[in-house]
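J.: Just dropping this structure here.
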Amino acid sequence: MKKTEELRKKLVYTRTNFWKEAPGKEQKAALDISEEYKKFLNECKTERETIDYYIKKLEKEGFNDINTGKKTKKVFRVARSKNAALAIIGKKPISEGVNLIVSHIDAPRVDLKQNPLYEDSNSSLGMLRTHYYGGIKKYQWMSTPLAMHGTIIKKDGKAINICLGEDEKDPVFVMPDLLPHLARKVQYTKKIGEAVDAGKMNIVFNSIPYPDDKKAKDAVKLNALVLLNEKYGITESDFLSAEIEIVPAGKSRDAGLDRSMILGYGQDDRICAFTSAQAIFDSIQNLEKTAIVYLADKEEVGSDGNTGAKSIFIIDFIADLLKKNGEPSDSSTLRKTLINSQVLSADVNAAINPNFPSVHEKANAVHLGFGVSVTKFTGSGGKGGSNDANAEFNAKIINIFNANKVFWQIGALGKVDEGGGGTIAKFMAEHGAEVIDCGPGVLGMHSLYELTSKADVYSAYKAYKTFFEKA
């Protein structure tokens, strides 16, 4: 029996439950880092808020804007208030390759349309038109408390930041769903993805008419504009250039009787943004290779645009790192630098859902609380739209994690032909770098309230720190 157990331990791959096997010191570290992570989630519900958070944090951590020309190994750059890169220059030439971790800071949500405000003639309610962003289940957004975050650029160029619905004294907003008593024909006869039409995801904004104009046609709308003008000094035309996001109202919370999990909005993929940034902050001072964290926008809508991973932003940043380090930054050197680089595409994976286990293959599914996922490929069907990491790089990452006692597990995004999805791995791989996906598992991904394990938050942090220090 003893020999059999020894053989099994030696030969068989098994996931390791963090809470069973991790030393007490690491379990405490998991609880501690999760407290900071929850605060981060509460402060950073949009891309702009995330970048603002890190601008303040970077200064405290001794990072300087790369454009300042200061002699420092710690530098960063922010672009258009929606993405950022931060780096610690290592001892080896940058042209020999960098260790780069890329995560995205956008999350599925609902946006206000450019001309959102109207008064509904049927109900005499002030309403806001919306347009959803990313892959959501539209019905989940109905009849739940919502908050409004965003930026309005006034005619004089002044930026007005809006945050309504997060403070207990604030009003919240709602898209009212249809009562079940009247839903038989309108909703119950339809497929679940069609039960809520995007055109019906309108927000109830206000109901009191402007007091001096009660008989006017749009008195409720006018009153809303008066209140907005009094509070923010804006007019209706200011909406035309605004970016206002609708997100679930309220804070992230401990979940589970044992408080081992976190429930909160936007954990795909801000869990990786937080842990990768914290990893570079805590990495040893004299790194061998240059370490970079890239916080990207627009992943949930294909990574397009000048703040997405397809943009030239990160390439330009690496070129400037070469120049700052006294190395050539010509096209050939830059291409070779990218080809020599190693990248972790830090994105979440779908943890096996106990309510819907049939969509997962247990042997290849991520299990909550068993460590960070190493995902060789994503995509759909025949690995369509996937990076599919090389065996050599896959093995290298696993060996580094094993040598440094990182809790990790293999991961796949559901059964073959069940569906699928993609990450920004393929966009980084287009430059010739070695790339693999690596991130925590999530339950209820893309829902308003996603569930993660504190064990996996810590394991992701340790994995990313190990990558910077040992890869």
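Each value in this text was obtained by applying a stated rule to the coordinates, not by laboratory testing. Just so it is clear, the structure is predicted and the values come from calculations on it, not from any experiment. For neighbour counting, all protein chains shown are included, and Cβ atoms are generated from backbone atoms with ideal geometry for every residue, glycine included.
J.: Using mean Cβ contacts within 10 Å as the protection proxy, how do 360-366, 100-106, 85-91, 121-127 order, highest first?
T.: The packing order, highest mean first, is 100-106, 85-91, 360-366, 121-127.
J.: For the chain, take the longest principal axis of its alpha carbons; what is the angle in degrees between that and the long axis of helix 2-11, to the nearest 10 within 0 to 90?
T.: Helix 2-11 sits at roughly 70 degrees to that axis.
J.: Relative contact order for the range 174-278: what is it in percent, counting Cα pairs under 8 Å that are at least 6 residues apart?
T.: Result for the range 174-278 is 13 percent.
J.: If every alpha-carbon in the range 362-401 counts as one equal scatterer, what log10 I(q)/I(0) does Debye give at q = 0.31 1/Å?
T.: For the requested q values the scattering log ratios are -1.07.
J.: A further question on this structure: Please report the antiparallel percentage of the DSSP beta bridges confined to the chain, to the nearest 5.
T.: Percent antiparallel among DSSP bridges in the chain is about 70.
J.: Give me the one-decimal nm value for the distance between modelled label points at residue 323 and residue 402, 7 Å along each residue's Cα-to-Cβ direction.
T.: 4.4 nm
J.: Find the Rg to Rh ratio for the range 351-458, where Rh is the Kirkwood radius over alpha-carbon pairs and Rg uses the same atoms.
T.: 0.96
J.: Can you check what the net charge comes to around residue 2, using other residues whose Cβ is under 14 Å from the Cβ of residue 2 (Lys, Arg +1; Asp, Glu -1)?
T.: Result for the neighbourhood of residue 2: +2.
J.: Sum -39500 (n - 2.57) across every DSSP H segment of at least 4 residues in the chain, then divide by the residue count to get the 222 nm mean residue ellipticity, nearest 500.
T.: Helices in the chain give a 222 nm mean residue ellipticity of -9000 deg cm²/dmol.
J.: Let me ask something else about it. What relative contact order, as a whole-number percentage, does the chain give when Cα pairs under 8 Å and 6 or more residues apart are counted?
T.: Computed over the chain, the figure is 22 percent.
J.: If each Cα of the range 178-231 is one equal point scatterer, what is log10 of I(q)/I(0) from the Debye formula at q = 0.17, 0.19, 0.26 Å⁻¹?
T.: Reported log10 I(q)/I(0), two decimals: -0.68, -0.72, -0.95.
J.: Which semi-axis lengths, in whole Å and largest first, follow from the square roots of five times the eigenvalues of the Cα gyration tensor of the range 112-248?
T.: 27, 19, 13
J.: Same structure, new question: How would you order 327-339, 368-380, 6-18, 411-423 from highest to lowest mean count of nearby Cβ atoms within 10 Å?
T.: By packing density, highest mean first, the sequence is 368-380, 411-423, 327-339, 6-18.
J.: Once you sort the root eigenvalues of the Cα gyration tensor of the range 210-361 as a ≥ b ≥ c, which label holds: rounded (a/c under 1.5), prolate (a/b larger than b/c) or oblate (the other case)?
T.: Since a/c reaches 1.5 but b/c is at least a/b, the shape of the range 210-361 is classed as oblate.
J.: With label points built 7 Å along Cα→Cβ from the Cα atoms of residue 25 and residue 169, find their separation and express it in nm.
T.: So the label points at residue 25 and residue 169 sit 4.6 nm apart.
J.: What fraction of the Cα pairs in the chain, stated in percent, has a spacing above 43 angstrom?
T.: So the pairs more than 43 Å apart make up 20 percent of the total in the chain.
J.: Hey, which aspartates and glutamates would be in cross-link range of residue 470, C-alpha to C-alpha under 17 Å, not counting anything within fewer than 8 residues on its own chain?
T.: 96, 282, 288, 392, 434
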